[in-house]
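Student: Below: one structure in structure tokens.
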Amino acid sequence: ADKVYKWRAQTYAVPGSVGYKALETSLKDLKAASNGRLDIKLYGVGSLVGPFEQLDAMGMGIFECGFNAPAYYAGKDPAFAALFSLMSIWESTSDVKIWSYYFGGLELARELYGKYKVHYVGPALVGAEPIMSKVPLKQLSDFNGIKIRTAGGLTSELFKKLGASPVKMGGGELYTGLDTGVVDAAEFVSLAENHDIGLQEVTEYVLYPSFHGNTATCDFTVNQKAWNKLPDDLKALMESWVFELDARFDYQSAAESARALQKMKKKGLVHTQLSSEDMAKARQISLDVANEWKKKSPMSAKVIDSILDYLKLTGSIK
Amino acid sequence: MEPGLLTILMFSSFFALLALGIPLAWTTGSLGLIFAFFLWGPDAMSVVVLRVWDVMGSFSMIAIPLFVFMGNMLQKSGIAHDLFKAIQVWVGGLRGGIAAATILLCTVLAAMIGTVGADVTITGLIALPFMFQRGYDRHMALGSIVAGGALGVLVPPSIMFIVYGVTVGESIGKLFMGGVGPGLLFGGLYIAYILIKCYLDPSAGPAAPEEERNVPLIQKIALFKSLILPIGLILGVMGSIFGGIATPGEAAGVGALGAILCAGVRKQLDWNNLSDSLYETMKTVGLILWIVFGAMVFIATYTLGGGAEFVKTALVALPLNPWLVLIIIQVILLFLGMVLDIIGITVLLAPIFVPVITELGFDPLWFGVIFNLNLQIAYLSPPFGYSIFYLKAVAPPDVTMADLYKSVLPYMALQIVGMILCMVFPQIILWLPNLMVQ
Amino acid sequence: MTQQNSQTMAQEAEFAYLTKIADSLDQISEWQGKAVSLLILVATLQICYELVMRYFFNAPTVWGLEMTVYLCGTTYVMSGAYAERYGAHIRVDVFYNNWRPRTQAWFDLLVTDLFLFFFSGALLWHGSIWFWESVNQGLTSGTIWDPIIWPMRLVIVLGALMLMVSGIPKFLRDLTRAVWNVKI
Ligand code: NA
Ligand code: NA
């Protein structure tokens with residue numbers, strides 16, 4: 001019989017949440033499609049190692065693969081933060097995918113992850129993120145003086161430029177952080193996942209779509225040695241599977257986010273949006289932040305330059 | 001390796017080595033690493049450094065050294081002395097009144113302090129000699145302190161809830177609120193038991209002599225003064241958490257500073273008291289955190305090997321009523337609580353049981369509090385009960401372990417009754433968290 | 001009686017250097033534990049400062065929360081040795097306590113001490129690799145404050161090392177007790 005690859009994957013997502021369920025379903029498909037040869041067991045956030053330690057753990061081979069937000073690895077190389085989110089510079093998730101697959105993004109990500117003995121299979125994105133808060137956030141000037149949770153990275157710099165104090169916190173401590181007022185507001189992936197961890201219980205306002213992240217790019221990565229041992233047919237299967245995973249992740253998240261927003265409004269949360277002038281202003285500040293971020297590391301400059309070149313080509317920026 | 005076989009090998013070697021007397025921290029840590037080595041090779045052993053690093057970076061864990069320090073400092077400050085005097089003047093006239101006052105003192109202390117050790121030590125030093133002197137029945141006196149002190153687990157703040165919250169990702173704020181109802185229920189049960197028992201049998205806990213009871217009302221009211229510092233501390237710690245000022249970890253820092261100030265107010269603040277408290281804290285932190293490190297390595301290896309998933313699938317697939325599964329889990333915890341350290345049980349078993357409970361459709365917050373109710377019994381249950389050890393350390397030398405073991409039995413029975421009440425009427429736990437979320 | 005006494009004394013003299021090594025290693029554990037315990041006081045004051053800045057002046061520092069976590073994190077790792085020096089690590093001693101002291105010493109020598117050295121050794125080994133990587137790659141914490149992280153990783157290395165060091169006196173005492181039945 002063919003060799004069965006029994007792997008373990010850890011994700012940033014909490015078991016039962018939308019992100020987790022999308023991944024769980026896709027992994028079942030992968031097992032079926034590989035005739036049972038690729039059997040990957042999924043573990044929730046922190047059940048094997050903490051989210052910030054995941055890259056190390058995969059590199060060391062503690063588990064074979066993972067699905068995570070590269071922002072958690074910004075301490076390793078600031079380029080990871082640029083891969084994760086460019087605030088409102090990206091306009092849509094399909095833009096990111098076009099860049100990844102046809103304008104050199106995939107190669108850059110592989111070069112970056114390769115340094116840590118990890119193979120980058122491909123991206124999986126979610127669209128616009130919300131900001132949930134205890135104080136009303138209706139215009140950019142409302143951000144002055146508030147404490148806001150972020151995962152770190154470029155978004156922190158953006159908030160700083162608006163006069164807010166960014167606080168770095170893992171998703172697990174977010175609820176308590178808002179509840180106890182350590183932060184006034186929080187950005188944490190998709191609206192649906194905000195709802196799953198109950199942030200509507202401890203906030204009163206939801207800014208959606210927000211200006212700080214039109215897209216968030218998570219990724220599926222595999223320990224390099226484990227990847228190398230995989231036969232070619234399974235490698236090809238996995239690559240096309242990530243393509244499918246990305247679609248499921250994106251669409252399921254959009255669907256669940258629409259439902260979540262409905263539920264939050266019903267619960268009495270106030271839904272706010274920025275004016276188009278403020279959105280344009282936020283995009284300009286985002287560009288400034290990105291240009292400064294290039295100085296942080298050579299890889300960071302390579303990634304951001306490549307993205308900006310692509311966006312110039314499409315005419316999205318000047 | 002098959003997860004079933006892994007479960008048998010890991011847990012049987014764990015219990016065997018533990019029973020032989022190897023410290024818990026080294027047993028779990030080393031076994032986790034040995035199994036990781038044989039299953040996946042030397043590189044997998046690096047899981048130890050990743051787990052340690054993860055704990056070192058937790059916002060919530062900082063509460064442990066700070067609450068332990070706070071408890072040690074409060075002990076030196078002597079504020080509990082005045083408090084006990086006041087409570088005792090008010091209720092000492094009843095048969096069993098001093099024991100009831102002891103439970104009240106424990107409850108107030110529990111609302112200030114995050115650790116059981118400080119509760120038991122303080123009460124043991126103050127109330128025990130007093131009760132012995134008044135001719136209280138030995139077991140009545142000892143039992144009230146051992147059980148009352150364990151209320152520290154339930155009445156927030158509580159490092160047990162913090163360790164649980166960090167381990168399974170449950171909201172610490174909600175767990176704290178969930179502990180209030182059961183804490184008051186258990187305290188009430190103890191007091192009712194004491195008063196009824198002493199009413200029926202006055203020799204168990206005689207009333208205070210007439211001359212002590214005849215304190216003029218104006219003096220009785222003046223004794224309220226002694227409540228100022230404790231209430232200030234409770235407001236400082238719990239108020240800063242629920243007033244939206246601080247995380248539970250930071251609130252512990254507020255409490256620690258508050259305890260230092262209390263010592264200052266009572267003229268007990270000097271380098272000796274401060275440094276002694278710090279050194280004692282270091283010892284306690286060492287034993288707690290290294291149990292956490294060891295247990296985390298053990299459970300990471302077990303989970304990576306598919307063990308946790310195996311237990312979940314097996315328990316969920318049992319052709320049993322979900323309630324029966326819950327009761328089985330409770331009985332397992334009850335037995336382990338007799339012989340195992342409480343932190344160890346939490347870090348080892350909460351990650352295995354919580355997914356089962358969620359899958360069966362129970363409320364995970366409710367289960368989190370029930371889990372800690374059960375571990376609260378472990379503080380008392382012989383032979384390995386922290387509360388018993390703490391009291392033994394400060395009790396007069398003629399108090400034997402046998403005395404202590406016997407004294408806890410009625411209180412353990414009450415705890416089991418209380419736990420069943422909380423399972424049958426979940427609102428005892430959930431009313432406050434639900435109220436706060438509204 | 002006197003003969004036995006003098007024999008014991010002769011033996012003790014023979015093991016004097018071992019006693020000296022054990023005692024001085026104990027002193028190291030003691031000293032580092034007491035020194036590190038001061039960080040708890042520093043953390044207490046620093047938290048209160050941070051809260052005042054955050055709540056009353058709406059000016060939280062960028063380093064406050066993270067600094068507290070590092071201060072306390074240092075005590076977690078370093079306290080292992082201090083607790084070991086005082087024999088504070090929890091063990092189940094229902095059977096153990098019924099053994100003769102020499103049996104206990106043999107058991108500790110061959111099993112307990114080995115477990116301690118194995119656990120702390122593994123942490124020392126992997127901690128060192130991990131520490132070295134953070135120095136080599138100049139890793140930072142990736143937060144707003146974004147400090148270099150090798151000092152905190154060095155703490156893991158030191159904590160594991162100190163735990164091993166704190167285990168040596170016990171190992172020596174178990175050794176002399178088990179092999180020569182001498183208490184040092
Ligand atoms: Na408490
Ligand atoms: Na027990």
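The values are calculated or read from the model by the stated rules, or taken from the named source; none is laboratory data. It should be emphasised that the depicted structure is a prediction, and the values quoted were computed from it without experimental measurement. With ideal geometry, Cβ positions are generated from the backbone for all residues, glycine too; neighbour counts draw on all protein chains shown. Remember, those area values only see protein heavy atoms, side chains included, never the ligands or the DNA or RNA. Shrake-Rupley method; radii C 1.70, N 1.55, O 1.52, S 1.80 Å.
Student: List the helices (runs of 4 or more DSSP H) inside the stretch B:205-306, counting only whole elements, that have at least 3 residues being in contact (Cβ under 8 Å) with a residue 60 or more places away in the chain and among the polar types (S, T, N, Q).
Tutor: Correct list: B:271-304.
Student: Please note which helices (runs of 4 or more DSSP H) are completely contained in the stretch B:92-172 and include at least 2 residues that are within 16 Å of ligand 2 (Cβ to nearest atom).
Tutor: In the stretch B:92-172, the matching helices (runs of 4 or more DSSP H) lie at B:116-133, B:138-150.
Student: Moving on. Within the stretch C:89-103, track down each residue that is within 8 Å of chain B (Cβ to nearest Cβ), in contact with a helix residue (DSSP H, G or I) (Cβ under 8 Å, 6 or more places away or on another chain) and open to solvent by 20 Å² or more (accessible area, probe 1.4 Å).
Tutor: C:ILE90, C:ARG91, C:VAL92, C:VAL94, C:PHE95, C:TYR96
Student: Would you mind stating whether B:PHE367 is out of contact with any helix residue (DSSP H, G or I) (no Cβ under 9 Å at 6 or more places or on another chain) and either surrounded by 22 or more Cβ atoms within 10 Å (Cβ to Cβ) or over 20 Å from C:GLU84 (Cβ atoms) (or both)?
Tutor: In short, no.
Student: In the stretch B:178-193, how many residues are surrounded by fewer than 24 Cβ atoms within 10 Å (Cβ to Cβ) and more than 30 Å from B:ARG95 (Cα to Cα)?
Tutor: Going through the stretch B:178-193 one residue at a time, the tally reaches 0.
Student: Going through B:ILE221, B:ILE234, B:ILE172, B:ILE241 one at a time, which residue ends up being among the aliphatic types (A, V, I, L, M), modelled with pLDDT under 90, more than 30 Å from B:ALA308 (Cα to Cα) and within 14 Å of ligand 1 (Cβ to nearest atom)?
Tutor: Checking each option against the conditions leaves just B:ILE241.
Student: Another question, then. Consider the stretch A:45-75. How many of its residues are under 30 Å from B:GLY306 (Cβ atoms), of a type outside the set (A, V, I, L, M, F, W, C) and at pLDDT below 90?
Tutor: 7
Student: Could you grab me the full set of residues in the stretch B:223-267 that are within 14 Å of chain A (Cβ to nearest Cβ), crowded, with 22+ Cβ neighbours inside 10 Å and more than 21 Å from the chain's Cα centre (by Cα)?
Tutor: Passing the criteria: B:SER240, B:ALA246.
Student: Let me ask something additional. Mind listing whichever residues of the stretch B:293-341 are within 21 Å of B:ALA378 (Cβ to Cβ), surrounded by fewer than 24 Cβ atoms within 10 Å (Cβ to Cβ) and among the β-branched types (Val, Ile, Thr)?
Tutor: Hits for the stretch B:293-341 are B:VAL311, B:VAL325, B:ILE327, B:ILE328, B:ILE329, B:VAL331, B:ILE332, B:VAL339.
Student: Filter the stretch B:371-406 down to residues that are among the small types (Gly, Ala, Ser), in a helix (DSSP H, G or I) and within 14 Å of ligand 2 (Cβ to nearest atom) and give me whichever is surrounded by the most Cβ atoms within 10 Å (Cβ to Cβ).
Tutor: Only one residue fits best here, namely B:SER387.
Student: Residues of the stretch B:87-99 being in contact (Cβ under 8 Å) with a residue 40 or more places away in the chain and either open to solvent by 10 Å² or more (accessible area, probe 1.4 Å) or within 14 Å of ligand 1 (Cβ to nearest atom) (or both), which ones?
Tutor: Of everything in the stretch B:87-99, those that are in contact (Cβ under 8 Å) with a residue 40 or more places away in the chain and either open to solvent by 10 Å² or more (accessible area, probe 1.4 Å) or within 14 Å of ligand 1 (Cβ to nearest atom) (or both) turn out to be B:GLN88, B:VAL89, B:TRP90, B:GLY93, B:LEU94, B:ARG95.
Student: Considering only residues that are β-branched (Val, Ile, Thr) and out of contact with any helix residue (DSSP H, G or I) (no Cβ under 6 Å at 6 or more places or on another chain), which ones fall in the stretch C:104-142?
Tutor: Across the stretch C:104-142, the qualifying residues are C:VAL111, C:THR112, C:ILE129, C:THR140.
Student: Condition first: under 18 Å from the mean Cα position of the chain (by Cα) and either within 15 Å of A:SER240 (Cα to Cα) or of a type in the set (Gly, Ala, Ser) (or both). Now tell me which residues in the stretch A:27-49 satisfy that.
Tutor: If the condition is that a residue be under 18 Å from the mean Cα position of the chain (by Cα) and either within 15 Å of A:SER240 (Cα to Cα) or of a type in the set (Gly, Ala, Ser) (or both), then A:GLY44, A:GLY46 are the ones that fit.
Student: Name the one entry in A:VAL14, A:VAL45 that is within 8 Å of chain B (Cβ to nearest Cβ), in contact with a strand residue (DSSP E or B) (Cβ under 9 Å, 6 or more places away or on another chain) and assigned to a loop (DSSP other than H, G, I, E, B).
Tutor: The conditions single out A:VAL45.
Student: What strands (runs of 3 or more DSSP E) lie completely within the stretch A:59-169 and have 2 or more residues being open to solvent by 20 Å² or more (accessible area, probe 1.4 Å)?
Tutor: Hits in the stretch A:59-169: A:165-168.
Student: Right, something else. Let me spell it out: the conditions are (1) out of contact with any Phe, Trp or Tyr (no Cβ under 9 Å at 6 or more places or on another chain); (2) more than 16 Å from ligand 1 (Cβ to nearest atom), and B:ILE343 meets all of them except one. Which number is the exception?
Tutor: (2)
Student: Still on this structure, please answer the following. Could you tell me whether any residue of the stretch B:148-167 is away from ligand 1 (no atom under 16 Å from the Cβ), over 21 Å from B:ILE98 (Cα atoms) and open to solvent by 30 Å² or more (accessible area, probe 1.4 Å)?
Tutor: Within the stretch B:148-167, one or more residues are away from ligand 1 (no atom under 16 Å from the Cβ), over 21 Å from B:ILE98 (Cα atoms) and open to solvent by 30 Å² or more (accessible area, probe 1.4 Å).
Student: Checking B:GLY368 against (1) in a helix (DSSP H, G or I); (2) more than 16 Å from ligand 1 (Cβ to nearest atom); (3) within 14 Å of chain A (Cβ to nearest Cβ), which test does it fail?
Tutor: Of everything listed in (1) in a helix (DSSP H, G or I); (2) more than 16 Å from ligand 1 (Cβ to nearest atom); (3) within 14 Å of chain A (Cβ to nearest Cβ), B:GLY368 misses just condition (2).
Student: Looking only at the stretch B:117-135, decide whether some residue is within 16 Å of ligand 1 (Cβ to nearest atom), modelled with pLDDT under 90, within 14 Å of chain C (Cβ to nearest Cβ) and within 23 Å of B:LEU229 (Cα to Cα).
Tutor: yes
Student: From the list C:LEU110, C:LEU123, C:LEU161, C:LEU114, pick out the single residue that is out of contact with any Ser or Thr (no Cβ under 9 Å at 6 or more places or on another chain), more than 7 Å from chain B (Cβ to nearest Cβ) and of a type outside the set (D, E, K, R).
Tutor: Checking each option against the conditions leaves just C:LEU110.
Student: Kindly provide the set of residues from the stretch C:52-76 that are at pLDDT 90 or above and at the interface with chain B (Cβ under 7 Å from one of its Cβ atoms), ordered by number.
Tutor: C:THR68, C:VAL69, C:CYS72, C:GLY73, C:THR75, C:TYR76
Student: Taking the stretch A:1-58 on its own, how many of its residues are of a type outside the set (Ser, Thr, Tyr), touching a residue at least 12 places away in the same chain (Cβ under 8 Å) and over 30 Å from C:THR143 (Cβ atoms)?
Tutor: Total satisfying the criteria: 18.
Student: If C:LEU109 satisfies every condition in (1) farther than 23 Å from C:ALA88 by Cβ; (2) crowded, with 19+ Cβ neighbours inside 10 Å; (3) touching a residue at least 60 places away in the same chain (Cβ under 8 Å) but one, which is the exception?
Tutor: The number of the failed condition is (1).
Student: So, A:GLU53, is that one within 13 Å of chain B (Cβ to nearest Cβ) and surrounded by fewer than 20 Cβ atoms within 10 Å (Cβ to Cβ) or not?
Tutor: no
Student: What residue, among those in the stretch B:302-354 that are among the polar types (S, T, N, Q) and within 16 Å of ligand 2 (Cβ to nearest atom), is nearest to the chain's Cα centre (by Cα)?
Tutor: Of everything passing the filter in the stretch B:302-354, B:THR346 is nearest to the chain's Cα centre (by Cα).
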